[in-house]
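Take a look at the structure set out below.
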Amino acid sequence: MTSTNISTSVTRGLTERDQQNLWHPYTQHKTAALPIAIKKGKGALLWDENNKEYIDAIASWWVNPYGHSNTFIADAIYKQLTTLEHVLFGGFTHEPAILVGEKLMEILPKNQQKIFFSDNGSTAVEIAIKVALQYFFNKGEKRTAIIAFENAFHGDTFGAMAASGISFFVEAFKDSLIEVIRIPVPVKGLEQESYDALQSVIKNNNCAGFIFEPLVQGAAGMVMYEPESLDKLIRICQQSNVLTIADEVMTGFGKTGKTFATDYLIEKPDMMCLSKALTGGTIPMAITTFTQDLFDAFYDDDINKALFHGHTFTANPTGCAAALASLELLQSDEMQANIARVNQNHLEFQERIKNHAKVTATRVLGVIFALEIKTESAATYYGSLRNKLYDFFIENGVVLRPVGNIVYILPPYIITDEQLDTVYQVVENALEIV
Ligand SMILES: *Cc1c(COP(=O)(O)O)cnc(C)c1O
């Protein structure tokens, strides 16, 4: 293989070598641009194989609030790796897992009493759905349907995929999925419609649970709705003993300005799903949390009532150590100040941009900023407008992944004011090319 490009021939082109064996997520390899090979990350910055610098303005799919290559988390991981890297969790336990449990009890809603470990957001959701279905099975009650929002995203395994409402993700599998009934999201103006739909769905079906992304639907394009509406929906569920599942995989650990989006609510969910920022973007790990009542429905002399679910890497000690270090960072005054600072910057940018002729809507919650761009035609998820914007951002050294005509920013909390200003400027400039 020959290459005329000196800088890529040095590494024999990582991008080129990638294409030989690797299959990427959410990628149509025939039409997609070649992936960018990243060699290094520090704080909010990434560098590719040609030493081009990028600002990671989406915290690498929302996992990395404390910045890339964080040495505090890395040290904790190294220490754990050289003490006890892993031990099976069936019949064994260890202090890092116990500490994660104790720590989470301090910060989770008080009704959450038990935690179950897995490896990623989809499995955290999968477990919550299985627990909802088996809870009623164990009680001898027939309830098989799950309720979810339109345009929800809960992951890509079968149960999680069934609950996801972004249709092209699930089209090929729709005859093989569990029963999921959708209701509208209670965005401004649709609140009553959403409440009415939930009432009617519960009345006409045997519903086990209602799963939702609390306050912000991430993959849908940071679609936001009010805590009062979610409180109302949870109350409707409680009246009929329908279990509520808050999927905080995206919103958890400070993204909304509070530790959990659920902290904005008066009512509390029966289950919560956590992943993404749990380990600061270092080690894949997830946790599903439960009320005592849920746990008790599986607690029996009959082994068939147990939760027969587990993963080889359940409660991996190294992942637990990463989570503990991450939680310590999150709770530090410095990190809390960073979250407030990013939010303040977002609000100022929102003021500056909201009346722009090309902007139809803006949204801010915590470190999450989103704007909708005016389009003539309906913008599709991975459509041409989206690609044009994405390419423009990459050219200008900013990693942003627009969703249709929605551009959102969800940076690491430690991003500097200067880096954030660059991101805003590039977003503003992008409005001139659409
Ligand atoms: C990302 C995400 C998931 C899926 O998590 P994975 O780790 O990608 O499996 C589930 N729910 C929400 C709300 C998410 O944002």
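Against the definition (away from the ligand (no atom under 16 Å from the Cβ), farther than 30 Å from Ile236 by Cβ and outside any strand (DSSP E or B)), how does Phe308 come out, yes or no? Yes. Per the conditions (1) surrounded by 17 or more Cβ atoms within 10 Å (Cβ to Cβ); (2) part of a loop (DSSP other than H, G, I, E, B); (3) more than 16 Å from the ligand (Cβ to nearest atom), the sole criterion not satisfied by Asn64 is (3).
Looking for something β-branched (Val, Ile, Thr) and either assigned to a helix (DSSP H, G or I) or closer than 17 Å to Phe212 by Cβ (or both) - is there at least one such residue anywhere in segment 104-123? Scanning segment 104-123 turns up at least one residue that is β-branched (Val, Ile, Thr) and either assigned to a helix (DSSP H, G or I) or closer than 17 Å to Phe212 by Cβ (or both). Would segment 133-147 turn up any residue that is assigned by TED's automatic domain parsing to the domain that holds Gly90, within 16 Å of the ligand (Cβ to nearest atom), crowded, with 23+ Cβ neighbours inside 10 Å and closer than 18 Å to Phe308 by Cα? No, segment 133-147 has no match at all.
The number of residues in segment 198-233 being more than 21 Å from the chain's Cα centre (by Cα) and surrounded by 21 or more Cβ atoms within 10 Å (Cβ to Cβ) comes to 5.
When Val407 is tested against (1) of a type outside the set (Phe, Trp, Tyr); (2) in contact (Cβ under 8 Å) with a residue 40 or more places away in the chain; (3) within 30 Å of Asp263 (Cα to Cα), just one condition goes unmet, and that condition is (2). Out of all the residues in segment 108-125, is one or more over 21 Å from Ala321 (Cα atoms), within 16 Å of the ligand (Cβ to nearest atom) and either buried (at least 17 other Cβ atoms within 10 Å of the Cβ) or aliphatic (A, V, I, L, M) (or both)? Yes, some residue in segment 108-125 is over 21 Å from Ala321 (Cα atoms), within 16 Å of the ligand (Cβ to nearest atom) and either buried (at least 17 other Cβ atoms within 10 Å of the Cβ) or aliphatic (A, V, I, L, M) (or both).
Considering Ala306, Ala286, Ala337, the condition of being out of contact with any His (no Cβ under 8 Å at 6 or more places or on another chain) and touching a residue at least 60 places away in the same chain (Cβ under 8 Å) is satisfied by Ala286 alone.
Here the condition is being within 16 Å of the ligand (Cβ to nearest atom) and either assigned to a loop (DSSP other than H, G, I, E, B) or closer than 22 Å to Ala197 by Cβ (or both); of Lys255, Lys268, it holds for Lys255 alone. Does any residue of segment 77-88 turn out to be outside any strand (DSSP E or B) and within 25 Å of Glu248 (Cα to Cα)? Yes; the residues of segment 77-88 include at least one that is outside any strand (DSSP E or B) and within 25 Å of Glu248 (Cα to Cα). Comparison of Glu95, Glu106, Glu150, Glu102 shows that the only residue that is without any contact (Cβ under 8 Å) to a residue 60 or more places away in the chain, out of contact with any helix residue (DSSP H, G or I) (no Cβ under 7 Å at 6 or more places or on another chain) and within 30 Å of Ile178 (Cβ to Cβ) is Glu150. Residues that are more than 23 Å from Thr262 (Cα to Cα), within 16 Å of the ligand (Cβ to nearest atom) and hydroxyl-bearing (Ser, Thr, Tyr) are absent from segment 163-186 altogether.
The values are calculated or read from the model by the stated rules, or taken from the named source; none is laboratory data. Quick caveat, the model's predicted, so the values are computed rather than measured. Reconstructed Cβ throughout: ideal geometry from the backbone, glycine too, with neighbour counts over all protein chains shown.
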